Amino acid sequence: MKQNLHTHTVYCDGRDTPAEMAEEAIRLGFDSLGFSGHGRLSIDQAAMTPEAQEAYIKDVLKLQQRMQDRLKIYLGLEQDVRGRCPEKKPFAYIIGSVHFLEADGVILPLDHSPEIFLRILNELYHGDPAALAKAYYAEVRQMADWDEVDIIGHLDLITKFKERIPGLSFDDSVSIQAALSCIDVLAPCKLFEVNTGAIARGYRHDPYPSEKLLRYMHERHARLVLSSDCHDRRYLDCFFPEALEMIQRCGFRSLYVLGDNGFEEHDISEFD
Ligand SMILES: [Zn+2]
Ligand SMILES: [Zn+2]
């Protein structure tokens, strides 16, 4: 069993075409592959333009037909909370993510660079990580009420640069509580991803979410998918074996994959 639902192509900020990604997926032994282009959002330079999104949909649906005997392909979308999709159709699934924070009329991307992250922390939240964490998780948790969202993307994205910014920590009780109560609200209604994307890009050595959050997610009966937030086909299954080990270490015995009838639970021993 091998699936990755979080992948980006040349239609947004990825390096490869959908066809190139699909060929690599077959070579790596994937059963299925989902594309999750950044849904249109004017403030986001990584997002698809309306024209690119139309072309993306057409291209992926065509590829789905062409590849049907070799690889199951799903058309998905990564939707930022600031660019809500009016309709789920034609997407088979939607990953909901928070990539920006806004305060005092200034809006900045969380995951662009350590320098911009520090501006968010210092200029928008007066150097207080707990205030930043509270604002971030408040944005994430609102997706509990959004029916179109299936999977919560990179739950603790605010930790992306923890290895690049000395002293940055969200281990204070306010930040932890914000994360845990977000999990409480989302676990009954959404899937979460274990996302290895920042490892492939050299930012960190472990996936989102942290082991601490994953253990709590297990207590709350959260449902997980495994993804690599892939922007380069060379890293389509980056860190998957290690992530599977981590998931089991945190108590999970199953993972979810998208099938023809929605998300299905599979024993973790079926994955490789
Ligand atoms: Zn994202
Ligand atoms: Zn992504």
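Nothing in this text is a laboratory measurement; each read-out follows from the coordinates by a stated rule. Here the structure is a predicted model, which is why all the values come from computation and not from measurement. All Cβ positions, glycine included, derive from the backbone under ideal geometry; neighbour counts span all protein chains shown.
Structural remarks
- Selection status of Leu157, of a type in the set (A, V, I, L, M) and touching a Cys at 6+ places or on another chain (Cβ under 6 Å): no
- In the stretch 180-229, of all residues being assigned to a loop (DSSP other than H, G, I, E, B) and charged (D, E, K, R), the one that is surrounded by the most Cβ atoms within 10 Å (Cβ to Cβ) corresponds to Asp229.
- When every residue of the stretch 168-181 is checked against the conditions, none turns out to be within 20 Å of Leu5 (Cα to Cα) and in contact with a helix residue (DSSP H, G or I) (Cβ under 9 Å, 6 or more places away or on another chain).
- Residue tally, condition surrounded by fewer than 17 Cβ atoms within 10 Å (Cβ to Cβ) and within 17 Å of Asp13 (Cα to Cα), over the stretch 94-111: 0
- Only residues that are within 16 Å of ligand 1 (Cβ to nearest atom), part of a loop (DSSP other than H, G, I, E, B) and in contact with a helix residue (DSSP H, G or I) (Cβ under 9 Å, 6 or more places away or on another chain) were counted in the stretch 25-49, giving 4.
- Inside the stretch 191-234, residues that are away from ligand 2 (no atom under 16 Å from the Cβ) and either touching a Pro at 6+ places or on another chain (Cβ under 8 Å) or closer than 21 Å to Gln248 by Cα (or both) make up a count of 17.
- Checked against the criterion of being within 18 Å of Thr159 (Cβ to Cβ), β-branched (Val, Ile, Thr) and within 22 Å of the chain's Cα centre (by Cα), the candidates Ile94, Ile120, Ile73 yield just one match: Ile120.
- Options Glu123, Glu78, Glu115, Glu87; residue that is of a type outside the set (Val, Ile, Thr) and within 15 Å of Asp44 (Cβ to Cβ): Glu78
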